[in-house]
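S.K.: Shown below is the structure under consideration.
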Amino acid sequence: MPQGLDLTVDREAELPLGAQLAGRIRNALREGRIGPGDRLPSVRELAETAGVNVNTVRTVYARLESEGLVRSEHGRGTFVSGMPAG
């Protein structure tokens, strides 16, 4: 897992767990703690680390991919693409 990437969730928060994870990844990118080309944890690794279901992580990664922030490479993993322009 990239250093400086805190992917813990607060189960007491009103914000859904998936939204918390997506927000943490967005913030880490915005703050420069992760950058283009960095490999994110696998779906299973992140699910285990955060204590969430693998489907939650799949949804988070799909959402971030649709936003252009990450890209998934079959058999290789999920990588940071960068902040979209604008």
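S.K.: Among the residues of the range 36-86 satisfying the criterion of being acidic (Asp, Glu) and within 12 Å of LEU7 (Cβ to Cβ), which is least open to solvent (accessible area, probe 1.4 Å)?
M.R.: Step one: of the range 36-86, the residues acidic (Asp, Glu) are 38, 45, 48, 65, 67, 73.
Pick out the ones that are also within 12 Å of LEU7 (Cβ to Cβ) and you get 45, 48.
Working: GLU45: 94, GLU48: 158 Å².
So the residue we want is GLU45.
S.K.: How many residues, within the range 64-85, are of a type outside the set (A, V, I, L, M, F, W, C), under 13 Å from the mean Cα position of the chain (by Cα) and not in a helix (DSSP H, G or I)?
M.R.: Of the residues in the range 64-85, the ones of a type outside the set (A, V, I, L, M, F, W, C) are 65-68, 71-78, 81-82, 84.
Now drop any that are not under 13 Å from the mean Cα position of the chain (by Cα), which leaves 65-68, 71-72, 77-78, 81-82.
Still in the list and also not in a helix (DSSP H, G or I): 67-68, 71-72, 77-78, 81-82.
Selection size over the range 64-85: 8.
S.K.: In addition: Specify the residue that is modelled with the lowest pLDDT; the eligible residues are those in the range 20-56 that are within 18 Å of PHE79 (Cα to Cα) and acidic (Asp, Glu).
M.R.: GLU31
S.K.: Would it be correct to say that LEU17 is closer than 21 Å to SER72 by Cβ, in contact with a Ser or Thr (Cβ under 7 Å, 6 or more places away or on another chain) and either without any contact (Cβ under 8 Å) to a residue 24 or more places away in the chain or among the aliphatic types (A, V, I, L, M) (or both)? Write out each step before concluding.
M.R.: On the way: closer than 21 Å to SER72 by Cβ: yes; in contact with a Ser or Thr (Cβ under 7 Å, 6 or more places away or on another chain): yes; either without any contact (Cβ under 8 Å) to a residue 24 or more places away in the chain or among the aliphatic types (A, V, I, L, M) (or both): yes.
Considered against the rule, which asks whether it is closer than 21 Å to SER72 by Cβ, in contact with a Ser or Thr (Cβ under 7 Å, 6 or more places away or on another chain) and either without any contact (Cβ under 8 Å) to a residue 24 or more places away in the chain or among the aliphatic types (A, V, I, L, M) (or both), LEU17 comes out as yes.
S.K.: Something else: Please pick out the residue among GLY18, GLY23 that is in a helix (DSSP H, G or I) and buried (at least 18 other Cβ atoms within 10 Å of the Cβ). Don't jump to the end; show me each part of the working.
M.R.: Working: GLY23 fails: buried (at least 18 other Cβ atoms within 10 Å of the Cβ).
Among GLY18, GLY23, only GLY18 is in a helix (DSSP H, G or I) and buried (at least 18 other Cβ atoms within 10 Å of the Cβ).
S.K.: From the set of residues in the range 6-27 that are aliphatic (A, V, I, L, M) and within 9 Å of the chain's Cα centre (by Cα), which is farthest from ALA62 (Cα to Cα)?
M.R.: Going through the range 6-27, the residues aliphatic (A, V, I, L, M) turn out to be 7, 9, 13, 15, 17, 19, 21-22, 25.
When the remaining residues are screened for being within 9 Å of the chain's Cα centre (by Cα), the result is 7, 21-22, 25.
On the way: LEU7: 17, LEU21: 12, ALA22: 10, ILE25: 13 Å.
In this case the residue turns out to be LEU7.
S.K.: With closer than 21 Å to ASP10 by Cα and more than 12 Å from the chain's Cα centre (by Cα) as the only criterion, which of VAL60, VAL54 stands out?
M.R.: Working: VAL60 fails: more than 12 Å from the chain's Cα centre (by Cα).
Only one candidate qualifies: VAL54.
S.K.: Against the conditions (1) without any contact (Cβ under 8 Å) to a residue 24 or more places away in the chain; (2) part of a loop (DSSP other than H, G, I, E, B); (3) not polar (S, T, N, Q), where does TYR61 fall short? Just the number, please.
M.R.: (2)
The values are calculated or read from the model by the stated rules, or taken from the named source; none is laboratory data. Computed from a predicted structure; not experimentally measured. Don't worry about glycine lacking a Cβ; one is built from the backbone with ideal geometry, like all the others, and counts go over all protein chains shown. With ligands, DNA and RNA removed, areas are computed over all heavy atoms of the protein, side chains included. Shrake-Rupley method; radii C 1.70, N 1.55, O 1.52, S 1.80 Å.
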